[in-house]
Amino acid sequence: MRNLVAAVERIDPLTVSGRVAAVNGLLIEARGGLTRLSVGARAAIERRADTPLQAEVVGFRETRALLMPFGPVEGVAPGAEIRIDPMGSAVRPTRAWLGRIIDAFGDPIDGLGPLPQGPVAYPLRAAPPAAHARGRVGERLDLGVRSMNVFTTCCRGQRLGVFAGSGVGKSVLLSMLAKEADCDVVVVGLIGERGREVREFIEETLGEEGLKRAIVVVATSDEPALKRRQAAYMTLAIAEFLRDQDLEVLCMMDSVTRFAMAQREIGLAAGEPPTTKGYTPTVFTELPKLLERAGPGPVRPDGTTAGPITGIFTVLVDGDDHNEPIADAVRGILDGHIVMERAIAERGRFPAINVLKSISRTMPGCHLPHERQIVTNARQTLSAYANMEELIRIGAYRAGADPMVDRAIALNPQLEAFLGQDKDEATSLDESFELLAQILMSEAA
């Protein structure tokens, strides 16, 4: 019976024919077959001397449907036939996809042959689990990065944002997490990434070992906005499949900002009014729908809980302004934020995390009493040095003026060494606390 159901699901659904009425920039207006259309429906548009152009319905204008293409519109002519698939889009992943690199459609782009298709279709735009029907965050997760393990401890099923400007080291930090985090599988979404950097990230930054337990979804910056947005949905759909296999999933997306930019392009083309910094209202509607799909797994009728999806989402802050609209919206949705600063990167300390401005909303509940004391002590010491840093650098601070500052100055080299970490180095969560405790109890204190 199961095989029969799978075979029925693979039958092509009823398609409806329409015609191209107009092309305005990236927007294609269609007429005909409107009774079968809905927002999100997929279509194929005939082109002269070329393969059909894939498109998606993004809205309606009076009696016409508005479609955006997944590729260039060259070759589309007035009256060209449009074949509408009202069933939308879905993906059929399997565990055999681990170690593979795919595009926004779920097609392989690594040259390793076709991907096997699973029996169950997962919709790309699934609704997040209901709040009352999902579990709570689990025990803390060992990320392998000292500064995050101690100062922004993450629990299984938690969602963290990494906020940074360009060139500050987000991709390297993600590669460290992909290789060292204590999870079963990793799903990486490279949304709007530079084409040159994709292969570098996979081969050098992520590496062969990291790729073995990962599935990488890629949509580069030169691809249409619709494809960049779909790559983000594809990333979460694959993570949901692995979650339903009772696997502990680490889902990483670089970056949410480029997803928002893609949604802005789509909204403006469809006629939405621009609001803050040109972002359309649907941008702020789609962000929580996307990000809420990560988190603790849903509780099944038999009382068991599906595996958690721990989310790490990067935010490319505009002009290093951490209060710009997308950063502000994402910070309010996620369960914590990690701030990476250019000034720290410029002085050669990586990962360039400002631990005083970073926070995890599951802390201090996930810490033991002695660990809370260690973190509090370390934050006070780092804060004392940060408050007097300018005076210390120009030699205006006199030793003995403040015992707390004197202690901070003595411990600062060791604390900076603790916060810095090579990309191929890993430190367990317990070891991270032990190292920090040794620094705080050293004779220099």
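The values are calculated or read from the model by the stated rules, or taken from the named source; none is laboratory data. Only a predicted model underlies this, so the values are computations on that prediction, with no experimental measurement involved. Note that we place each Cβ from the backbone using ideal geometry, even for glycine, and neighbour counts take in every protein chain shown. Ligands, DNA and RNA are stripped out before the accessible areas are found, and what is left, the full protein with its side chains, is counted by its heavy atoms. Shrake-Rupley method; radii C 1.70, N 1.55, O 1.52, S 1.80 Å.
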* Counting just the residues of the stretch 45-96 that are closer than 18 Å to Gln230 by Cα and polar (S, T, N, Q), which one comes out most open to solvent (accessible area, probe 1.4 Å)? -> Gln54
* Asked: Is it true that some residue in the stretch 159-181 is touching a Phe, Trp or Tyr at 6+ places or on another chain (Cβ under 6 Å), open to solvent by 20 Å² or more (accessible area, probe 1.4 Å) and not in a loop (DSSP other than H, G, I, E, B)?
  -> yes
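Taking Asp103, is it under 17 Å from the mean Cα position of the chain (by Cα) and of a type in the set (Asp, Glu)? Talk me through it step by step, then tell me what you get.
Numbers: under 17 Å from the mean Cα position of the chain (by Cα): yes; of a type in the set (Asp, Glu): yes.
Taking the combined requirement at face value, the residue satisfies it.
Can you tell me which residue within the stretch 378-403, out of those that are under 27 Å from Leu334 (Cβ atoms) and among the polar types (S, T, N, Q), is least open to solvent (accessible area, probe 1.4 Å)? Please lay out each step first, then the result.
Taking the stretch 378-403 as the starting set, the residues that turn out to be under 27 Å from Leu334 (Cβ atoms) are 378-380, 382-383, 386.
Among the residues that remain, those that are also among the polar types (S, T, N, Q) are: 380, 383.
Numbers: Gln380: 100, Ser383: 42 Å².
Here the residue is Ser383.
Run down Leu356, Leu368 and say which single residue is over 30 Å from Pro128 (Cα atoms), open to solvent by 50 Å² or more (accessible area, probe 1.4 Å), under 26 Å from the mean Cα position of the chain (by Cα) and not charged (D, E, K, R). Quick ask: steps written out before the conclusion?
Details: Leu368 fails: under 26 Å from the mean Cα position of the chain (by Cα).
Going through Leu356, Leu368 in turn, just one is over 30 Å from Pro128 (Cα atoms), open to solvent by 50 Å² or more (accessible area, probe 1.4 Å), under 26 Å from the mean Cα position of the chain (by Cα) and not charged (D, E, K, R): Leu356.
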* To do: Considering only the stretch 205-281, give the helices (runs of 4 or more DSSP H) lying wholly within it that have at least 2 residues that are within 15 Å of the chain's Cα centre (by Cα).
  => 225-244, 256-269
* From the set of residues in the stretch 431-445 that are at pLDDT 95 or above and of a type in the set (D, E, K, R), which is most open to solvent (accessible area, probe 1.4 Å)? -> Glu434
* To do: Within the stretch 393-427, track down each residue that is in a loop (DSSP other than H, G, I, E, B) and either farther than 27 Å from Asn149 by Cβ or in contact with an Asp or Glu (Cβ under 8 Å, 6 or more places away or on another chain) (or both).
  => Gly395, Ala396, Tyr397, Arg398, Ala399, Gly400, Ala401, Asp402, Ala426
* **Residues that are under 24 Å from Arg140 (Cα atoms), open to solvent by 20 Å² or more (accessible area, probe 1.4 Å) and in contact with a Lys or Arg (Cβ under 9 Å, 6 or more places away or on another chain), drawn from the stretch 242-265** => Gln245, Leu247, Glu248
* Which of the residues belonging to the stretch 124-158 are buried (at least 17 other Cβ atoms within 10 Å of the Cβ) and basic (Lys, Arg)? -> Arg125, Arg134, Arg140, Arg146, Arg156
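Filter the stretch 284-334 down to residues that are on the phi > 0 side of the Ramachandran plot and not in a helix (DSSP H, G or I) and give me whichever is farthest from the chain's Cα centre (by Cα). Walk me through it before giving the result.
Initially, the stretch 284-334 is screened for residues on the phi > 0 side of the Ramachandran plot, giving 295, 303, 319-320.
Adding the requirement that they be not in a helix (DSSP H, G or I) leaves 295, 303.
Values: Gly295: 12, Gly303: 29 Å.
Filtering first and then ranking leaves Gly303.
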